[in-house]
Amino acid sequence: MTAVPLFPGFDGLMTLSRREGVDIRPTLLRVLTDLYVQASVHSADEERQFVELTSRLIDQVDDATRAAVRARLAIYPATPAETLDKLGLRRSPPDRALPVAPAIATAPTEIPLEKPPTEAQLRMAASLSMRPNDAAEISDMFFAASSSERALILHNLTETPLKASARIPAARAARAIHILEMAAFAEDTANFALEIGEALILPARIAEQVVNDPGREPLACAARALDMSSAAFQRVLMFLDPEFGSSVHNVYRLSRLYDRLSERSALIMLAAWRGSTMAVTRAKYRSALYDDERHRARVASAQTRPTVQPGSAPAIRTGTDGSKR
């Protein structure tokens with residue numbers, strides 16, 4: 001049997017790292033590290049996958065990301081030996097004192113230090129649009145992830161250079177929140193999903209998937225994109241689905257996630273949902289349009305000129321009595 005990957009969709013997201021102008025490798029390495037250190041014990045397949053994926057990323061990220069990952073894995077007891085070597089770490093024997101780190105040499109004065117990015121450069125780095133296929137990868141990965149993995153994905157989306165969707169106008173958002181609360185009180189899931197789709201400019205398929213997701217993390221993203229208050233979001237959780245809302249654990253878990261969820265992460269996820277729709281539409285019609293072009297070409301080549309050109313011979317008129325005139 002094929003082993004289940006430690007991070008679903010990770011290999012698909014690696015395509016983002018190979019495309020010009022979009023580099024989310026630092027975020028991917030942070031997410032993978034956070035997922036790995038959550039468990040105290042790993043199987044041989046999980047350790048092998050972790051070593052294989054991190055080995056491809058450690059040498060390709062910036063110094064700040066490498067230092068953050070190095071700090072996390074230095075204190076984690078189950079870090080693989082290959083990864084320790086890759087990061088320049090050495091595990092000390094338990095009966096010996098930790099070695100003293102060598103002094104950091106002073107940088108030569110003639111070598112200019114790297115300047116921090118300017119505000120304009122940071123703004124430019126934060127405005128890289130997602131391609132439809134990349135958006136579909138992020139959307140599929142989010143819906144396939146577990147609750148803990150979704151929380152990590154949303155947390156790390158804040159640091160990605162991907163472009164977020166524009167904010168929903170305040171007046172439209174306020175009207176949508178009012179309608180959503182009334183639909184939740186009436187347990188009207190259909191109209192609730194309809195309003196989510198209209199307010200966030202999402203197709204019905206995506207809106208229904210967001211509303212009916214059993215974990216409710218997509219619903220938290222939609223509510224944060226509308227700037228819904230925490231109290232209103234809790235009311236929606238309790239009334240929209242009474243079975244889900246009757247669980248104190250469910251409401252408390254989602255409320256904590258919602259309070260920590262940033263507007264930027266929610267708007268990036270909204271952009272991924274919109275972009276994934278474009279990817280599905282292109283895939284649906286590409287083959288049909290291609291076959292249609294070939295069909296038109298075959299029909300055009302099969303046409304032949306008539307042997308008698310129009311106007312080359314006089315028309316024969318027939319009278320009402322059948323005689324030729």
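The values are calculated or read from the model by the stated rules, or taken from the named source; none is laboratory data. Note that the coordinates shown come from a computational prediction; the quantities given were computed from them, not determined experimentally. Reconstructed Cβ throughout: ideal geometry from the backbone, glycine too, with neighbour counts over all protein chains shown. To get the accessible areas, we keep the full protein, side chains included, count just its heavy atoms, and leave off ligands, DNA and RNA. Shrake-Rupley method; radii C 1.70, N 1.55, O 1.52, S 1.80 Å.
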Note to self: Restricting to the stretch 53-87, count the residues that are among the hydrophobic types (A, V, I, L, M, F, W, C), open to solvent by 20 Å² or more (accessible area, probe 1.4 Å) and over 29 Å from the mean Cα position of the chain (by Cα).
What the structure shows: 4
Next item on the list: Starting from residues that are of a type in the set (Asp, Glu) and more than 24 Å from residue 137 (Cα to Cα), keep the ones in the stretch 162-221 and report whichever is nearest to the chain's Cα centre (by Cα).
Entry: 195
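Conditions tested, residue by residue: (1) basic (Lys, Arg); (2) at pLDDT below 95; (3) surrounded by 15 or more Cβ atoms within 10 Å (Cβ to Cβ).
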| residue | (1), (2), (3) |
| --- | --- |
| 129 | no, yes, no |
| 135 | no, yes, yes |
| 146 | no, yes, no |
| 153 | no, yes, yes |
| 168 | no, yes, yes |
| 180 | no, no, yes |
| 184 | no, yes, yes |
| 194 | no, no, yes |
Next item on the list: Please go through the stretch 157-166 and pick out each residue that is under 14 Å from residue 30 (Cβ atoms) and buried (at least 19 other Cβ atoms within 10 Å of the Cβ).
Entry: 157, 160
Item checked: Residues that are open to solvent by 70 Å² or more (accessible area, probe 1.4 Å), of a type in the set (D, E, K, R) and in a helix (DSSP H, G or I), drawn from the stretch 224-261 -> 235, 243, 256, 259, 260
